[in-house]
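Please read the structure below before turning to the comments.
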Amino acid sequence: MAATASVLAVLVCADEHTRLRQALDALRGSAAGPARVLAVRTGESAETARLLDEAVAEELVDEVLTASGPVTAAVSEAIAAATREEEVREEWLWLLTADTAPESGCLGELLAAAEREPDAAAIGPLVLDAADPRFVLDAGLSIDRGGRVRTGASPSEVDPVLLRGQESPDTELLAVASAGVLLRREVYERIGGHDPALRGDAADVDLGWRINADGNAVLLAPRARAQRSARADGSRPRTRRSDGARTLLLDVPARVLPLAALRLLLSALLRAPGFLLARRPADAAAEAALLVTLLRGGFGLRPGRAARSTAIPERRPVRGLLVGPLDRLRWTRRRIFERFAAARARRDPALLDPVPETALAPDTQVPAHRRRGVPSLRRPGDPVVVLADPGRPAPGPREGAREPRLVRAGARRLLRGLLVDPPAVLLVVLLVFGVLTCGGWFLEVLRGGTPQGGRLLPIGDLVETWGSYLAAWHPAGGGAASPATPGLLVFGLLGAVLGGPPAAVGLLVLLAVPLAGLSAYLATRPLGGGRVRRSLVAGAYALLPAAALSAGQGRLDVVVVHVLLPVLLAGIARVLRRTRAGGLWLGPACLTALGLALLGAFAPLAHVVLVVLMLGAFVAVPGREDRFRRRIAGLAVLVLLPVACLLPWPLVVLEQPRLLLHGPGASAVEPAAGGWPLLLSPDGSVPALLGGLLLIAALVAAVRGPLRPQLPGLALAAAGIALALLVAAIPVEPLAGGPASAAWTGTPLVLAATGCCWALLATRPVQARWGRAAAAGVLAVLAAAAGTAALTGPLHAAPQPELPGSVLALDQHPPRLGDGAAGRFGDDDLVPAPGAAQWVRGVASDLTSADDGRVLAGVRAATARGVEFLRVPDGFNLPERARELVRERPGGVLQLPDGAARVQLLGPDLTRQARTGHAPPPQAAPLPVDALPPDVTVRVTAGGEGRALVLGAQQQPGWYALVDGRPVGLADAWGNQVAVPLPERAAEVRIGYAEGPRTALLAVQAGALLFAVVGALPPARRSTGSR
């Protein structure tokens, strides 16, 4: 050390021999040395003691002290010892730790900064990473309103000299780290020094806050340099969280203390379950401990705040130095950009600018001004810098290893590279395709319309959707106790976020093509082939005409299969072949199981096919014997967990196998497919036939070879076509009744197209220029065919009028009965009660008959069922006698007599007729009851013997009735309606449908979904930044 300054250096030494040796060497080479150096040992290492004894012998260190506890306690011990023994009192304190090595001019630059800023009481150096000095490790500290300490440097923070060729100006901050900080001793001792109850960064933030509040400044002097080894914080999350919260509560002004405490309380209450879901139990426990401490008042705020008020009577506000919401938003945005830039740099570093390996010139001038209120060294406009070639970990040192190259990731340069990136171009093109084909009717959805048409029935609002899914009994079709389709659950969840189930349905169809392309591109990553080939193949898959034709006809089952099938096949392959020791398998298995459950909610046939394929793959592709249990566990999760997530829907599919073929959706008579599936066409239309180009391309690729890597894809394509031919050859009656017809072959053909794309990607690439031109031509043809197929479909969006009562829709095929608007999404997927579908068809036949007697009988039967409105097609005419019983309403709606009600009280004579007849006589006059099934509570007065309460619901197991709390037997009315015999006395009657079994299955489903979601979350990992 050449010159000395009025500085007392305190070197805190733990049991880190190598780092201590480097720190002592840095002191030896320092251009300006401190007047005294006190070393404080906090460990018991003999090597540390030896190094310090040598330093004392050469007069590098004046005295060695011992202390226990954190760094702050060691500093306090050193200052107390120095005060007892000193003859000349030093003006400054220089705090050093054994893992920090100041550069030769560090102390001189800190003192120079103190001369430039006389009000500075704490000046910290720019701390660089000792492993790679190009990166900044520490550039100041601050704290947010949630009590979380924030550092001033991100993993991509690079030495400003490398970026701009000059230093940044001194920056005023809330606090700097204690390692290497220069403190004005008089201020430090007057405000009470470090708080011994705090540790780590929280103690440094508390000290800096009090220095600022005392009217002094805390500066970061970038020209002063020190190097420190990057290492994880050894404190527990609970300690860090508690110390940060205590710092905030001790130092905020008294007027905002209650608000700060309330904010911490709510934050801990919300973040604890979030950390549990993210599988970060230590952080969740830290939030829970903070919550308990706050409720118990265990921070000791009163004496701590009193001591601060005594030391600093008049406090200066530091609001501008705290981290605010905009700061957090800017940092979040930067971290996202860092990760994207790092991935981009590793993939194609030539697109980014190299950073020059320059050094700071000796005559570089430091800017005379300082910046205030900036919580980091970096300005928002500074570019992100990442490692272009970080390399992969190796078991030993590589020979000839070179230092990784830095590249500058400017936003404009990245954006220009992104615009020509094949997957990005593909996604933009597919988004434009989706807007052109679906944008017209989607605008109607934004105006309040509901997507409908073809096999897509209009879906209700959020309350109606959730109510229909959770209900044990449904009024559709005269009453059905079947579980609802889980598609209602999916759109109920999505609608809660996207603005309602209609918007969720519209977005699914609008984004189906780009999502399918993205799914195919991501799924083909393990197959290789380059981004251009993968993008072309993914584009061909996304523009499959059969899928676009199905989407235009409202076939959500095919839409979901088209989107999910590639990633599900990739996920299944990943789970079954994962054999690396220590590899995580539960997360990928749960994520794939969630995808399979989503697929099974809309396309049970595709779900069953994938289960069969995974079982076959498990048997055909043997794994290592020592990983057999893990493969079995993964297979069990893939097979069983989706079934549990769909309960009780799988029981309905087992009971009604016809759902496998026709799938959920509106009942329809499908056109005959014939042999068209051989060309990937479900109906033989010209646009769909052009999808055969994909099959032809796969066959040409098989001829070119090599054949072996194409075999899985070709086998999948053959299986899909064979399944399509099988489905087209089996006529099945729809679930809601009607003529039998073969099912739509869209789902098997998507499976076949996936196999064709697999085979195309596995073939040898065509090096000639004509190869890409031909591929682009095929994509253009497929796009034109898919667009034509989508635009010619019946899918549209329109408002769905609601009527205040039960509606029988005669303008639909088949006719439907329901509340408000007959024919809601999921109604045709309910298993009708015995005789219910026949009753609806029979009454509809009577009402549309030319026989006056049948029409009148139909009107009376509908009135007895509680039907209040008839929705009739254009040109419908009722006979003159029947027209007297109804009132016409706008929009093709007829209102039935006022006596129609869902619950009716019948007198003794009418009850006897109801037990034997199928429709009430013309003179019947039941008493309407203001109630709606299934839950009915009525107080009846005394009356004649033989009365009955009749519900407009089909009789089936599950109904129960209580009269004055006692169960009574049920009877039939008008052939098949629920009737409850009433006593002569006054009584309270309760009628309901048993929900116990349904509720139990829903509880199992909720538990399975929770397990799957938590298991699918990525495991907690330490952030290593973008480097």
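The values are calculated or read from the model by the stated rules, or taken from the named source; none is laboratory data. Predicted model only: the values in this text are computed from it and were never measured. Methodologically, a virtual Cβ is constructed for each residue, glycine included, from the backbone with ideal geometry; neighbour enumeration extends over all protein chains shown.
Taking the range 258-282 only, how many residues are touching a residue at least 24 places away in the same chain (Cβ under 8 Å) and within 30 Å of residue 211 (Cβ to Cβ)?
Here the count works out to 7.
Would a scan of the range 785-795 turn up a residue that is under 25 Å from residue 477 (Cβ atoms) and buried (at least 20 other Cβ atoms within 10 Å of the Cβ)?
Restricting attention to the range 785-795, the residues satisfying the condition of being under 25 Å from residue 477 (Cβ atoms) are 794-795.
Subsequent filtering for residues that are buried (at least 20 other Cβ atoms within 10 Å of the Cβ) retains 795.
Yes, the range 785-795 contains a residue that is under 25 Å from residue 477 (Cβ atoms) and buried (at least 20 other Cβ atoms within 10 Å of the Cβ).
I need the helices (runs of 4 or more DSSP H) fully contained in the range 765-868, keeping only those with at least 2 residues that are touching a Cys at 6+ places or on another chain (Cβ under 8 Å) and of a type in the set (A, V, I, L, M).
none
Cβ-Cβ distance below 9 Å, separation of 6 or more or different chains: which pairs start in the range 679-690 with a residue that is on the phi < 0 side of the Ramachandran plot and end on one that is among the acidic types (Asp, Glu)?
Pairs that qualify, where the first residue is on the phi < 0 side of the Ramachandran plot and the partner is among the acidic types (Asp, Glu), are 682/670; 683/670.
Filter the range 689-709 for residues that are over 17 Å from residue 779 (Cβ atoms) and either crowded, with 23+ Cβ neighbours inside 10 Å or among the charged types (D, E, K, R) (or both); which is farthest from the chain's Cα centre (by Cα)?
My answer is 704.
Looking at (1) buried (at least 16 other Cβ atoms within 10 Å of the Cβ); (2) β-branched (Val, Ile, Thr); (3) under 11 Å from residue 991 (Cβ atoms), which is the only condition residue 940 fails?
Of (1) buried (at least 16 other Cβ atoms within 10 Å of the Cβ); (2) β-branched (Val, Ile, Thr); (3) under 11 Å from residue 991 (Cβ atoms), only one is false for residue 940: (3).
Could you tell me whether residue 911 is at pLDDT 80 or above, surrounded by 14 or more Cβ atoms within 10 Å (Cβ to Cβ), of a type in the set (Ser, Thr, Tyr) and in the same structural domain as residue 949 (by TED's automatic domain parsing)?
Considered against the rule, which asks whether it is at pLDDT 80 or above, surrounded by 14 or more Cβ atoms within 10 Å (Cβ to Cβ), of a type in the set (Ser, Thr, Tyr) and in the same structural domain as residue 949 (by TED's automatic domain parsing), residue 911 comes out as yes.
What number goes with the only condition from (1) in contact with a Lys or Arg (Cβ under 9 Å, 6 or more places away or on another chain); (2) free of Cβ contacts under 8 Å to residues at least 24 places away in the same chain; (3) not aliphatic (A, V, I, L, M) that residue 296 does not pass?
(1)
When you scan the range 888-901, do you find a residue that is touching a strand residue (DSSP E or B) at 6+ places or on another chain (Cβ under 9 Å), modelled with pLDDT of 85 or more and over 21 Å from residue 801 (Cβ atoms), even just one?
no
Please note which strands (runs of 3 or more DSSP E) are completely contained in the range 933-1027 and include at least 1 residues that are under 28 Å from residue 819 (Cα atoms) and charged (D, E, K, R).
Strands (runs of 3 or more DSSP E) meeting the threshold: 936-940, 971-973, 987-993.
Could you give me the residue pairs with C-beta distances under 6 Å whose first residue belongs to the range 461-478 and is at positive phi, whose second residue is in a loop (DSSP other than H, G, I, E, B) and crowded, with 17+ Cβ neighbours inside 10 Å wherever it lies, and which are 6+ apart or on separate chains?
Filtered contacts from the range 461-478: 477/832.
Within the range 986-1009, can one find any residue that is among the hydroxyl-bearing types (Ser, Thr, Tyr) and in contact with a strand residue (DSSP E or B) (Cβ under 7 Å, 6 or more places away or on another chain)?
Let us first name the residues in the range 986-1009 that are among the hydroxyl-bearing types (Ser, Thr, Tyr), namely 993, 999.
If we keep only those that are in contact with a strand residue (DSSP E or B) (Cβ under 7 Å, 6 or more places away or on another chain) too, we end up with 993.
Yes, because at least one residue in the range 986-1009 is among the hydroxyl-bearing types (Ser, Thr, Tyr) and in contact with a strand residue (DSSP E or B) (Cβ under 7 Å, 6 or more places away or on another chain).
Criterion first (assigned to a helix (DSSP H, G or I), hydroxyl-bearing (Ser, Thr, Tyr) and buried (at least 24 other Cβ atoms within 10 Å of the Cβ)) does residue 465 satisfy it? Please lay out each step first, then the result.
Details: assigned to a helix (DSSP H, G or I): yes; hydroxyl-bearing (Ser, Thr, Tyr): yes; buried (at least 24 other Cβ atoms within 10 Å of the Cβ): yes.
Judged against the criteria, residue 465 is a match.
Please indicate, with yes or no, whether at least one residue in the range 763-770 is touching a helix residue (DSSP H, G or I) at 6+ places or on another chain (Cβ under 9 Å) and either at pLDDT 85 or above or of a type in the set (S, T, N, Q) (or both).
Looking for residues that are touching a helix residue (DSSP H, G or I) at 6+ places or on another chain (Cβ under 9 Å) and either at pLDDT 85 or above or of a type in the set (S, T, N, Q) (or both), one finds at least one in the range 763-770, hence yes.
Please find, within the range 491-510, the residue that is farthest from the chain's Cα centre (by Cα) out of those that are within 22 Å of residue 607 (Cβ to Cβ) and surrounded by fewer than 22 Cβ atoms within 10 Å (Cβ to Cβ).
508
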